[in-house]
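Below you'll find the structure, written out as structure tokens, and then a few comments.
Every number here is computed from the coordinates shown, using simple stated rules; none is lab data. These numbers come from a predicted model, not from an experiment. Glycine also receives a Cβ, built like all others from the backbone with ideal geometry; neighbour counts cover every protein chain displayed.
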Ligand SMILES: Nc1ncnc2c1ncn2[C@@H]1O[C@H](COP(=O)(O)OP(=O)(O)OP(=O)(O)O)[C@@H](O)[C@H]1O
Ligand SMILES: *[C@@H]1O[C@H](CO)[C@@H](O)[C@H](O)[C@H]1NC(C)=O
Ligand SMILES: *[C@@H]1O[C@H](CO)[C@@H](O)[C@H](O)[C@H]1NC(C)=O
């Protein structure tokens, strides 16, 4: 009897939870809780780069301090540091020093980004360090900027195009640039992602828009980023809850139907992006890391590439793929693969799969697989869509443009028909 009485310590509480199992359960629960807490603590101390509002604000304060000292500058600085035109909202992401935060710029949501936290962590602008007194002419700046861009993208950029790119950052006229202007431009150019976005700004609607910069931080438009765990990959709920345009009779429609139509529209935009990246630049653009997280959508449902760390133009792609190899597996570079030439033990420099194939495999299959479509899976157009996606997944088509074209046409035709059907049904209701 004694041990039992000892386990009834809680009797003084007047509770009837003194049974051994209950005590054990409570003990277990407490241990579980303690374990979770210590895990969280360890996690936080290992990844001390944890994203907090306090830290983000400190980082921005340092940027502004340096702006006031005249160390750095940019078209965003005045709003960020002086007149409160930029309002910090929350931090989105810190990893390996990369800082990403959300803010509002005159009421418009933007994302502030920098690869490194501190301005001083970026390399100084070489010529500025040697030639203390001499001023740099705009042509010198253009020359250095062009070199840097060529370097970071593996692309030839005509030097006449460069001044246009920086016209917003730089003050008007042909007067020499200030040290702060040059240093800021240089810190931005060291961020491959910035260079990439900036160079493709006016050429592509499938690349995120850069809205401004202050020192090493630059602002891009706020978008709805993809998430693998979201059923639709993109949070369409956020879009549906936005007030609709006037004269729209969509509100009476079932939500699921509208979400489906949106998915079809986004899929069409993915196809348009594939076509565009393949044909509209001087070189084919390869996306080697295709997953929902690396894409986002605008309110008008255009697909935008937001993570271009693994996007390469053809010349750089060839350099990357050309490796020594003993079998084909050595020739896989994330989503970009080529074949091993066993006579020379060298990977082929030409990619054998394509952006389209990987998008079908990693994005479309998630949306349009029979298991996820439920009872609609049996409808003729849906079956046709599943077949088209399957064909697309199975067609490597890296080297066969006509084959790629055919697969693309079939997909876009089914998707357009699905959208049209949706709208005729809508009208007849
Ligand atoms: N324009 C944007 N609008 C909304 N959210 C964004 C935007 N850009 C980035 N994000 C969010 O911030 C996260 C991190 O941004 P980003 O993709 O630039 O980092 P990352 O490139 O994945 O980092 P790493 O280079 O270390 O892989 C994204 O997963 C996305 O959720
Ligand atoms: C950035 O600068 C601050 C203050 O000068 C310093 O405490 C911090 O360690 C620096 N961070 C990095 C990553 O260099
Ligand atoms: C690849 O192989 C060649 C000759 O077989 C050799 O000279 C070269 O160093 C190798 N390169 C790498 C990166 O291993």
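On the beta carbon distance between residue 151 and residue 341, with R0 = 35 Å, the FRET formula returns roughly 0.75. For the peptides 142-149, 28-35, the ranking by mean Cβ contacts within 10 Å, running from highest to lowest, is 142-149, 28-35.
Modelled label positions at residue 62 and residue 235, each set 7 Å beyond Cα in the direction of Cβ, lie 2.9 nm from each other. In terms of overall dimensions, the C-alpha atoms belonging to region 293-429 reach 64, 30, 27 Å along their principal axes, ordered largest to smallest. Between residue 116 and residue 379, the simple spin-label model (points 7 angstrom out along Cα→Cβ) gives 5.4 nm.
Figure the gain on full extension for residue 143 and residue 390 (residue separation times 0.36 nm, minus the Cα-Cα span) and round it to one decimal in nm.
84.1 nm
Using the basic label-point model (7 angstrom from Cα toward the beta carbon), what is the residue 33 to residue 322 distance in nanometres? That separation, rounded to one decimal, is 6.3 nm. With contacts taken as Cα pairs under 8 Å at a separation of at least 6 residues, region 51-222 carries a relative contact order of 27 percent.
A straight chain from residue 330 to residue 96 at 0.36 nm per residue would run longer than the Cα-Cα distance by 81.5 nm.
What does the convex hull of the Cα atoms come to per residue for region 203-354, in Å³?
Output value, Cα hull per residue: 156 Å³.
Summarised as an ellipsoid, region 51-222 has semi-axes of 25, 19, 15 Å, derived from the eigenvalues of the Cα gyration tensor scaled by 5 and square-rooted, with the largest first.
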